[in-house]
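*Asks:* I have a structure I would like to understand better, so I am pasting it below and will then ask my questions one at a time.
The values are calculated or read from the model by the stated rules, or taken from the named source; none is laboratory data. Note that the coordinates shown come from a computational prediction; the quantities given were computed from them, not determined experimentally. With ideal geometry, Cβ positions are generated from the backbone for all residues, glycine too; neighbour counts draw on all protein chains shown.
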Amino acid sequence: MRRAAVVLLAWGAWLGVLTAALLPFTRERPRPYAPHAIEYWMLGGAAGSCLAAGLVLWRLDARRRTAAAAAAGEPPRLIPDDSIAATTLAGGLSLALLGAGFGLWLVLMGAGVTALGAGGLIRETRARRRDLAAAGAIGGVAPRTSAGTARITPAAGAPGTIRPGPGPGESR
Amino acid sequence: MSSEGVRTASLPLRWAPLRALASTDHKRVAAHAVAVSFAFFLAGGVLALIMRSQLAADGGVVSQNVYDELFTMHGSTMVYLFVVPIGLAAGIYFVPLQVGAAEVAAPRAALAGLWLLIAGGVAMWSGFLTSSGAATASWWGFDPLSDSIHSPGSGMELWIFGVALVTIGQLLWAGCVLMTALRRRAPGMTLLRMPVFTWTMVVTCLMTLFAFPALILALALLWAQRHFGGVLPGGIGAVDYQQLFWFYGHPVVYVMFFPFVGMVAETISTFSGRRFFGYRAFVVALLAFAGLSMSVWGHHMFTMGQVTNKYFALTSTALVVPAGIEYLDFLGTLWRGALRFTTAFLFAIGFIVQFLIGGLTGIVVASPPLDYHLNMTYFVIAHFHYTIFAGSAFGLFAGIYYWFPKVTGAMLREGLGRVHFVLLVIGTNLTFFPMFLLGAEGMLRRISAYPLSTHWHGLNVLSTIGSGVIALATIVFIVNVAVSLRVRRPAGNDPWLAHTLEWATSSPPPRYNFRELPPILSYAPLLDLREQAERAKAPA
């Protein structure tokens, strides 16, 4: 079942209905009391983007189920325990944005810190891939608990929990 | 070390102090966010007390310009830095626990959201340190009041960037919580087995994700208008800014409301000893409610004569249908329940009763002819504070008293909690009810003094006394938290005999939340287990 996407699709459709409900008021007079283009754009835009997000999620879930069926289970997922890079990135973005009001010097400083944070995120991503590969080398996913969680050992150098996700026949 | 003995350090040991600031554990991120939000709540409350002193003294405490800064920063702090972030932070903490997940989706984004909240809050408040003072264009930041002619200086700039940063952070949090609920559920946790609080967070996140970008666009246009001009030209530019702002500004009211509806629902369900009444109807009503709330923004602009008044009056009035279903479900859950009058339950009842006043007066201002009379008066202030303070804040305290044992492993003192509740009920009604009368008599909002001939002084003094009682209640709450953490009374895993998954793990929960999960056969798996055990005990 792809119910996760259904939430977004249903809510997007409901927003679409509410956008369409503006139409009967187009003959409203005097003219300023009739719907304005911006009203259609904003509500319709929210409806459209919600529907689009729902379709993307639907597609992702379909692909995940196909991959899960092929691999008899989802690939393991590592959870980070901390991320200096994410903190640095947020700090850099804040400085860069504030710089728009206070001068190029702050924008440049912010851009530098942001680049540092982005580099850190790339480094963390590569480390995560390495850890997952190492987990595969020592036997991969540990036995599932009833919580659907499993761990790889500290010896693999990879902290955190692996969530194998739902098994075959289990719905999300 | 994690709670399960697995080495979890990804930072070198010498960086250990940084780990607390860079932790991606959703519980730690949320706890930090709650602490930061509550600090801003106290700061915003101090501003409110100064404003109330000014109005009780009928001027003379601060100048009109400083008063403008006070109401702008009070509103901005409470909306952008307290109620919205604390609601989303509750989602960051409890949604993974309620759906049986080991972690929130995209934990790095959640961490970044925390730092954007801190950076944005500091930016907004640092306006007080500038020579031009903090922003003075209200929490709406309306153009042309907020343009470079009427609001010169860096205080307004800091406000624009602060609000933008905080809003970006809130978008990240909403994405994390929504994806956790939709894609990280434990096996067996279908959509219609998600707890009520999780559903309220789902709709909160939907509104956040699809309404908040309008605010970022409005702020970008405002910044461009201040620096280059011509972006929001003349009267039509001001109307367009308001359209964009209120497209954010009305859903945000529900973002400041739904998480606390979820807290109240969990609280009354637990302390009534019953399953939540009308669960499916409640879920449908929530989704309909959230959708409708996206289509009512124009009722803030009725008096401008530039929006489709009939459409917005219709959608605004239609909100009573899903709201009525929710109230019916609350009452149905309480009906014939085995009620336990804990502090959390009292706050939940306080929410139900007082929010009704806020909701019913909302119907009044949803009607264009009545809104023409009441727009920009203290009636609107009273209505808003009855929904957000008398409503949402009571829901928040219900949630705090309910979940504090889970988060800290210690029980809050019930005696102090009851004192807190009584003081807050008295203070809230004493502060905000006189504002209905002042508004109906025509007292405009945002004025720092009023003519003596209006006889508004008595009601204003009453309101100011009430705000002092609210401050006293807040002190009692802080004392309660401090005492309860210092002299701990252990809570155990499930002190309330609650229904949902977060109570199936230790208090506080371990790093990855669960060692094992019970079978999930409904949205109340722990109640299922208890009922199963009772059936097994009962004679055949």
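*Asks:* When you look at B:VAL264, is it out of contact with any strand residue (DSSP E or B) (no Cβ under 8 Å at 6 or more places or on another chain), farther than 26 Å from A:GLY54 by Cα and buried (at least 24 other Cβ atoms within 10 Å of the Cβ), yes or no?
*Replies:* yes
*Asks:* Any idea which of B:ALA106, B:ALA102, B:ALA56 is within 14 Å of another protein chain (Cβ to nearest Cβ) and either surrounded by fewer than 24 Cβ atoms within 10 Å (Cβ to Cβ) or within 20 Å of B:ALA137 (Cα to Cα) (or both)? Break it down into steps so the answer makes sense when it comes.
*Replies:* On the way: B:ALA102 fails: either surrounded by fewer than 24 Cβ atoms within 10 Å (Cβ to Cβ) or within 20 Å of B:ALA137 (Cα to Cα) (or both); B:ALA56 fails: within 14 Å of another protein chain (Cβ to nearest Cβ).
Exactly one residue qualifies, and that residue is B:ALA106.
*Asks:* Follow-up. Would you say B:ILE216 is hydrophobic (A, V, I, L, M, F, W, C), within 27 Å of B:ARG446 (Cα to Cα), more than 10 Å from every other protein chain (Cβ to nearest Cβ) and part of a loop (DSSP other than H, G, I, E, B)?
*Replies:* Details: hydrophobic (A, V, I, L, M, F, W, C): yes; within 27 Å of B:ARG446 (Cα to Cα): yes; more than 10 Å from every other protein chain (Cβ to nearest Cβ): yes; part of a loop (DSSP other than H, G, I, E, B): no.
So B:ILE216 does not fit the description; no.
*Asks:* Taking B:ALA338, is it touching a residue at least 40 places away in the same chain (Cβ under 8 Å), closer than 29 Å to B:THR474 by Cβ and of a type in the set (A, V, I, L, M)?
*Replies:* Values: touching a residue at least 40 places away in the same chain (Cβ under 8 Å): yes; closer than 29 Å to B:THR474 by Cβ: no; of a type in the set (A, V, I, L, M): yes.
So B:ALA338 does not fit the description; no.
*Asks:* Let me ask something else. Is it true that A:ARG59 is on the phi < 0 side of the Ramachandran plot and modelled with pLDDT under 90?
*Replies:* For A:ARG59, the condition - on the phi < 0 side of the Ramachandran plot and modelled with pLDDT under 90 - is not met.
*Asks:* Restrict the check to segment B:506-516 and report whether at least one residue is under 25 Å from B:PRO187 (Cα atoms), hydrophobic (A, V, I, L, M, F, W, C) and part of a helix (DSSP H, G or I). Spell out how you get there, then give the answer.
*Replies:* Narrowing segment B:506-516 to residues under 25 Å from B:PRO187 (Cα atoms): B:506-516.
If we keep only those that are hydrophobic (A, V, I, L, M, F, W, C) as well, we get B:514.
Adding the requirement that they be part of a helix (DSSP H, G or I) leaves none.
No; the residues of segment B:506-516 include none that is under 25 Å from B:PRO187 (Cα atoms), hydrophobic (A, V, I, L, M, F, W, C) and part of a helix (DSSP H, G or I).
*Asks:* If I ask for residues that are assigned to a loop (DSSP other than H, G, I, E, B) and either closer than 23 Å to B:LEU81 by Cα or free of Cβ contacts under 8 Å to residues at least 24 places away in the same chain (or both), which ones from segment B:148-181 would you list? I'd like the intermediate steps shown before the answer.
*Replies:* Residues of segment B:148-181 that are assigned to a loop (DSSP other than H, G, I, E, B), as a first pass: B:148-153.
Residues satisfying the conditions are B:ILE149, B:HIS150, B:SER151, B:PRO152, B:GLY153.
*Asks:* Still on this structure: Looking at segment A:160-171, can you tell me whether even one residue there is crowded, with 19+ Cβ neighbours inside 10 Å, at pLDDT below 50, facing another protein chain (nearest Cβ under 8 Å) and assigned to a strand (DSSP E or B)?
*Replies:* yes
*Asks:* Let me ask something additional. Of all residues in segment B:293-305 being within 11 Å of chain A (Cβ to nearest Cβ) and more than 14 Å from B:PHE247 (Cβ to Cβ), which is farthest from the chain's Cα centre (by Cα)? Show your work before the answer.
*Replies:* First pass over segment B:293-305, keeping only residues within 11 Å of chain A (Cβ to nearest Cβ): B:293-298, B:301-302, B:304-305.
Still in the running and more than 14 Å from B:PHE247 (Cβ to Cβ): B:302, B:304-305.
On the way: B:PHE302: 26, B:MET304: 29, B:GLY305: 31 Å.
It comes out as B:GLY305.
*Asks:* Name the one entry in A:ALA90, A:ALA67 that is closer than 29 Å to A:GLU124 by Cβ, hydrophobic (A, V, I, L, M, F, W, C) and modelled with pLDDT under 80. Give the steps one after another, and end with the answer.
*Replies:* Working: A:ALA90 fails: modelled with pLDDT under 80.
Just a single option satisfies the conditions, and that option is A:ALA67.
*Asks:* Right, another one. Have a look at B:ARG511, B:ARG515 and point out the one that is surrounded by fewer than 21 Cβ atoms within 10 Å (Cβ to Cβ), touching a Ser or Thr at 6+ places or on another chain (Cβ under 8 Å), within 14 Å of chain A (Cβ to nearest Cβ) and basic (Lys, Arg). Before the answer, list the steps.
*Replies:* Values: B:ARG511 fails: surrounded by fewer than 21 Cβ atoms within 10 Å (Cβ to Cβ).
Exactly one of B:ARG511, B:ARG515 is surrounded by fewer than 21 Cβ atoms within 10 Å (Cβ to Cβ), touching a Ser or Thr at 6+ places or on another chain (Cβ under 8 Å), within 14 Å of chain A (Cβ to nearest Cβ) and basic (Lys, Arg), namely B:ARG515.
*Asks:* Let me ask another. Inspect segment B:124-145 for any residue being crowded, with 21+ Cβ neighbours inside 10 Å, farther than 17 Å from B:LEU222 by Cα and touching a Ser or Thr at 6+ places or on another chain (Cβ under 9 Å) and give the result as yes or no.
*Replies:* Looking for residues that are crowded, with 21+ Cβ neighbours inside 10 Å, farther than 17 Å from B:LEU222 by Cα and touching a Ser or Thr at 6+ places or on another chain (Cβ under 9 Å), one finds at least one in segment B:124-145, hence yes.
*Asks:* If B:LEU191 passes every condition in (1) surrounded by fewer than 24 Cβ atoms within 10 Å (Cβ to Cβ); (2) touching a residue at least 12 places away in the same chain (Cβ under 8 Å) but one, which one does it miss?
*Replies:* (2)
*Asks:* Filter segment A:11-47 for residues that are in contact with a Cys (Cβ under 9 Å, 6 or more places away or on another chain) and of a type in the set (A, V, I, L, M); which is surrounded by the fewest Cβ atoms within 10 Å (Cβ to Cβ)?
*Replies:* A:ALA13
*Asks:* Could you look through segment B:182-204, keep only residues that are charged (D, E, K, R) and part of a helix (DSSP H, G or I), and pick out the one that is farthest from the other protein chains (Cβ to nearest Cβ)?
*Replies:* Taking segment B:182-204 and keeping what is charged (D, E, K, R), we get B:183-185, B:193.
Then keep just the ones that are part of a helix (DSSP H, G or I); that gives B:183, B:193.
On the way: B:ARG183: 6, B:ARG193: 10 Å.
Filtering segment B:182-204 for residues that are charged (D, E, K, R) and part of a helix (DSSP H, G or I), the one farthest from the other protein chains (Cβ to nearest Cβ) comes out as B:ARG193.
*Asks:* Can you report the number of residues in segment B:219-261 which are more than 13 Å from chain A (Cβ to nearest Cβ), without any contact (Cβ under 8 Å) to a residue 12 or more places away in the chain and of a type in the set (A, V, I, L, M, F, W, C)?
*Replies:* 1
Rundown of residues vs (1) out of contact with any strand residue (DSSP E or B) (no Cβ under 9 Å at 6 or more places or on another chain); (2) part of a strand (DSSP E or B); (3) hydroxyl-bearing (Ser, Thr, Tyr); (4) modelled with pLDDT of 95 or more, yes/no style:
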site	(1), (2), (3), (4)
B:VAL6	no, no, no, no
B:ALA16	yes, no, no, no
B:LEU47	yes, no, no, yes
B:ASP58	yes, no, no, no
B:HIS74	yes, no, no, yes
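*Asks:* Starting from residues that are in contact (Cβ under 8 Å) with a residue 40 or more places away in the chain and β-branched (Val, Ile, Thr), keep the ones in segment B:85-138 and report whichever is farthest from A:ASP82 (Cα to Cα). Spell out the reasoning first.
*Replies:* Step one: of segment B:85-138, the residues in contact (Cβ under 8 Å) with a residue 40 or more places away in the chain are B:85-125, B:127-128, B:133-138.
Then drop every residue that is not β-branched (Val, Ile, Thr), which leaves B:86, B:92, B:95, B:99, B:104, B:118, B:122, B:136.
Values: B:ILE86: 22, B:ILE92: 16, B:VAL95: 20, B:VAL99: 23, B:VAL104: 13, B:ILE118: 18, B:VAL122: 23, B:THR136: 39 Å.
It comes out as B:THR136.
*Asks:* A further question follows. Output yes when any residue across segment B:307-317 is touching a Phe, Trp or Tyr at 6+ places or on another chain (Cβ under 6 Å), under 27 Å from A:ALA46 (Cα atoms), crowded, with 23+ Cβ neighbours inside 10 Å and among the aromatic types (Phe, Trp, Tyr), and no when none is.
*Replies:* Checked against the condition, which is being touching a Phe, Trp or Tyr at 6+ places or on another chain (Cβ under 6 Å), under 27 Å from A:ALA46 (Cα atoms), crowded, with 23+ Cβ neighbours inside 10 Å and among the aromatic types (Phe, Trp, Tyr), segment B:307-317 yields at least one hit.
*Asks:* In segment A:82-112, what residues are at the interface with chain B (Cβ under 7 Å from one of its Cβ atoms), over 22 Å from B:GLN225 (Cα atoms) and assigned to a helix (DSSP H, G or I)?
*Replies:* A:ILE84, A:ALA86, A:THR87, A:LEU89, A:ALA90, A:GLY91
*Asks:* If you go through segment B:351-366 one residue at a time, do you hit one that is at pLDDT 95 or above and small (Gly, Ala, Ser)?
*Replies:* Looking for residues that are at pLDDT 95 or above and small (Gly, Ala, Ser), one finds none in segment B:351-366, hence no.
*Asks:* Please work out if A:ALA4 is modelled with pLDDT under 95, among the aliphatic types (A, V, I, L, M) and over 22 Å from B:LEU206 (Cα atoms). Outline the logic, then answer.
*Replies:* Details: modelled with pLDDT under 95: yes; among the aliphatic types (A, V, I, L, M): yes; over 22 Å from B:LEU206 (Cα atoms): no.
When the stated conditions are applied, A:ALA4 does not pass them.
*Asks:* Is at least one residue of segment A:135-142 modelled with pLDDT under 50 and either within 23 Å of B:ALA109 (Cβ to Cβ) or within 12 Å of chain B (Cβ to nearest Cβ) (or both)?
*Replies:* Yes - at least one qualifying residue is present in segment A:135-142.
*Asks:* Additional query: Return yes when B:SER522 is part of a loop (DSSP other than H, G, I, E, B) and crowded, with 21+ Cβ neighbours inside 10 Å and no when it is not.
*Replies:* Working: part of a loop (DSSP other than H, G, I, E, B): yes; crowded, with 21+ Cβ neighbours inside 10 Å: no.
Taking the combined requirement at face value, the residue does not satisfy it.
*Asks:* Hey, another quick one. In the list B:TRP125, B:TRP139, which residue meets the criterion of being aromatic (Phe, Trp, Tyr), in a helix (DSSP H, G or I) and either more than 11 Å from chain A (Cβ to nearest Cβ) or over 11 Å from B:TRP173 (Cβ atoms) (or both)?
*Replies:* Numbers: B:TRP139 fails: in a helix (DSSP H, G or I).
After ruling out the rest, the residue left standing is B:TRP125.
*Asks:* Still on this structure: Residue by residue through segment A:27-55, note down the ones that are more than 9 Å from chain B (Cβ to nearest Cβ) and either part of a helix (DSSP H, G or I) or of a type outside the set (D, E, K, R) (or both). Before the answer, list the steps.
*Replies:* Filtering segment A:27-55 down to residues more than 9 Å from chain B (Cβ to nearest Cβ) leaves A:27, A:29, A:31, A:37, A:40-41, A:44, A:48, A:51-52, A:54-55.
Of everything in segment A:27-55, those that are more than 9 Å from chain B (Cβ to nearest Cβ) and either part of a helix (DSSP H, G or I) or of a type outside the set (D, E, K, R) (or both) turn out to be A:ARG27, A:ARG31, A:ALA37, A:TYR40, A:TRP41, A:GLY44, A:GLY48, A:LEU51, A:ALA52, A:GLY54, A:LEU55.
*Asks:* Regarding segment B:319-331, can at least one residue be identified that is under 20 Å from B:ILE363 (Cβ atoms), in contact (Cβ under 8 Å) with a residue 24 or more places away in the chain, within 14 Å of chain A (Cβ to nearest Cβ) and not in a loop (DSSP other than H, G, I, E, B)?
*Replies:* Yes, some residue in segment B:319-331 is under 20 Å from B:ILE363 (Cβ atoms), in contact (Cβ under 8 Å) with a residue 24 or more places away in the chain, within 14 Å of chain A (Cβ to nearest Cβ) and not in a loop (DSSP other than H, G, I, E, B).
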